[in-house]
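This report refers to the structure that appears directly beneath it.
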Amino acid sequence: MTAKLSLRGVRKRFDDHEVCKGIDLDVAEGEMVCLIGASGSGKSTLLRCMNLLEPIDDGEIWLDGKDISEPGLDPQPVRQRIGIVFQSYNLFPHMTAAENVMLAPRRVRGLSRDDLRPRVTQLFTRFGLGDRMEHYPDQLSGGQQQRVAIIRALAMEPQIMLFDEITSALDPELVGEVLDVLRDLRKQGMTMVLATHEMGFARELADKVCFLDAGRILEQGPPEVLFSQPHEPRTKAFLSRVL
Ligand code: ADP
Ligand code: MG
């Protein structure tokens, strides 16, 4: 089986600080992979490398059997195929939720509002925001804003979605509604990579969990193995702090 997304020996450094130290990772079609690890272990950087927001220093990234990390390649088409959602939702405050969602598809894909309206309406409805499309961000809760940010990424019709700690800034009572969106996406077969502190969620839904430690995937496996029988002392220590 060839993976949808493959990383081979990916290295990334900022000045003389190497943050990704030779990452090998395969993500199969429809799989949910969770990255866990302490703050500073390199989860966000790795996600940003995956959709070419950060150029890598060494190694290769393959998407659907093509090397997308070759120097000089235009990253824009790759970023359309691999969506990313961050902890801070960064919606434009002067635009309605629907306008925020339609902005990139209009600009990048050249679609009109009329082209986009049916699909965008369908996305808002699917994620429980059918009556919030004309609201401005400050009229929405954090959980609703984060769902709009996810819809914004989905509106580009990506093949893979990356999520970087998307519930970390939310009040605890709003986390569930955002995790429900991920559950829904997983059920629909979306290929996803998440950096998360939600260990219960990772345990419940991940196909594979990777423990990052100082820029390396120290250990990876199905959640029932990694959480119950971690091999590495550092994985054990991390899990004993967070579980
Ligand atoms: P995590 O998401 O696991 O907390 P990050 O990928 O954000 O880890 O950060 C890993 C390391 O890389 C940290 O030491 C961080 O300070 C450093 N780092 C991240 N982004 C940059 C950047 N743009 N410039 C310099 N150092 C960075
Ligand atoms: Mg991070």
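What follows is calculated from the coordinates using simple rules that are stated; it is not laboratory data. Predicted model only: the values in this text are computed from it and were never measured. Virtual Cβ from ideal backbone geometry, glycine too; neighbours counted across all protein chains shown.
Nearest-5 percent of antiparallel DSSP beta bridges in the chain?
Given both bridge residues lie in the chain, the antiparallel proportion sits at roughly 55 percent.
Quick one: Karplus J couplings for region 204-210, per residue in order, coefficients 6.51, -1.76, 1.60, θ = phi - 60°, nearest Hz, x for Gly and Pro?
Values, residue by residue: 6, 10, 5, 7, 8, 10, 10 Hz.
For the chain, find the longest principal axis of its Cα atoms and tell me its angle to the long axis of helix 142-154, 0 to 90°, nearest 10.
Helix 142-154 sits roughly 90 degrees off the main axis of the chain.
In deg cm²/dmol and to the nearest 500, what is the mean residue ellipticity at 222 nm of the chain if only DSSP H runs of at least 4 residues count, each as -39500 (n - 2.57), divided by the residue total?
-11500 deg cm²/dmol
Return the aspartates and glutamates within reach of residue 208: Cα separation strictly under 12 angstrom, same-chain partners fewer than 8 residues apart disregarded; answer none if there are no such residues.
26, 31, 219, 224
Taking R0 as 41 Å, what FRET efficiency do you get between residue 239 and residue 121 from their Cβ-Cβ distance, rounded to the nearest 0.05? Don't skip to the end; give the middle numbers.
Values: r = 42 Å, r/R0 = 1.03.
Once rounded, the FRET efficiency stands at 0.45.
What does the charge count near residue 236 come to, summing +1 for each Lys or Arg and -1 for each Asp or Glu among other residues with Cβ under 12 Å from its Cβ?
Local charge sum for residue 236: -1.
Around residue 88, which amide H atoms from residues at least 5 apart in sequence, or from another chain, sit under 5 Å from its own amide H, with H modelled in the peptide plane?
none
By count of other Cβ within 10 Å, fewest leading, how are 61, 68 ordered?
68, 61
Any idea what angle helix 97-109 forms with the longest principal axis of the chain, computed on alpha-carbon atoms, 0 to 90 degrees, nearest 10?
70 degrees
Mind sorting 24, 164 by how few other Cβ atoms lie within 10 Å of their own Cβ, fewest first?
24, 164
Helix 113-126 sits at what angle to the longest principal axis of the chain, using alpha carbons and giving 0 to 90 degrees rounded to 10?
Approximately 60 degrees, to the nearest ten.
Using the Karplus curve 6.51 cos²θ - 1.76 cosθ + 1.60 with θ = phi - 60°, what ³J(HN,Hα) values do you get for each residue of region 74-81, in whole Hz, with x for Gly and Pro?
The phi angles translate into 5, x, 4, x, 5, 5, 6, 8 Hz.
Over the chain, what is the relative contact order in whole percent, taking alpha-carbon pairs under 8 Å and six or more residues apart?
About 27 percent, as a whole number.
Can you tell me how much longer the chain between residue 53 and residue 173 gets when fully stretched, taken as 0.36 nm per residue apart minus their C-alpha distance, in nm with one decimal?
40.1 nm
With just the Cα atoms defining each centre, how far is region 6-47 from region 148-226? Give it in Å.
14 Å
What full-extension length gain, to one decimal in nm, is calculated for residue 15 and residue 224 as 0.36 nm per residue of separation minus the Cα-Cα distance?
71.5 nm
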